[in-house]
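None of the figures in this text is laboratory data; all of them are computed from the coordinates on show. From a predicted model like this one, the values you see are computed outputs, not experimental measurements. Virtual Cβ from ideal backbone geometry, glycine too; neighbours counted across all protein chains shown.
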């Protein structure tokens, strides 16, 4: 059996990054299924973004609140010009996950 090292990571670290990446993808897939369920039940996508934002804002620090508000407005605008609501909703969730992870790494190291 041959181990291929990718991106300069040693094999154990490569395995950890792969597991971490798969976990994030899994969480995003779970979020997508919940978003689909809301859309199927005729909840407007604007209400979904607004509700997510209102629910998350009180739980975040001030710099993250501003960034979440910015991205919520950005994807709300994209909803108006786009055709597939699920793409924009999922992109909003993925963007928030990325912003939050970046903030965690910058704040607590990692």
Inset, instruction - Would you please give the FRET efficiency between residue 105 and residue 55, computed as 1/(1 + (r/R0)^6) with r the Cβ-Cβ distance and R0 = 41 Å, to the nearest 0.05? - result: 0.95
Inset, instruction - Return the FRET efficiency for the residue pair residue 27, residue 73: r is the Cβ-Cβ distance, R0 is 22 Å, and the value is rounded to the nearest 0.05. - result: 0.40
Inset, instruction - Could you calculate the contour length gain from residue 81 to residue 97, that is, 0.36 nm times the residue separation minus the distance between their Cα atoms, to one decimal place in nm? - result: 3.4 nm
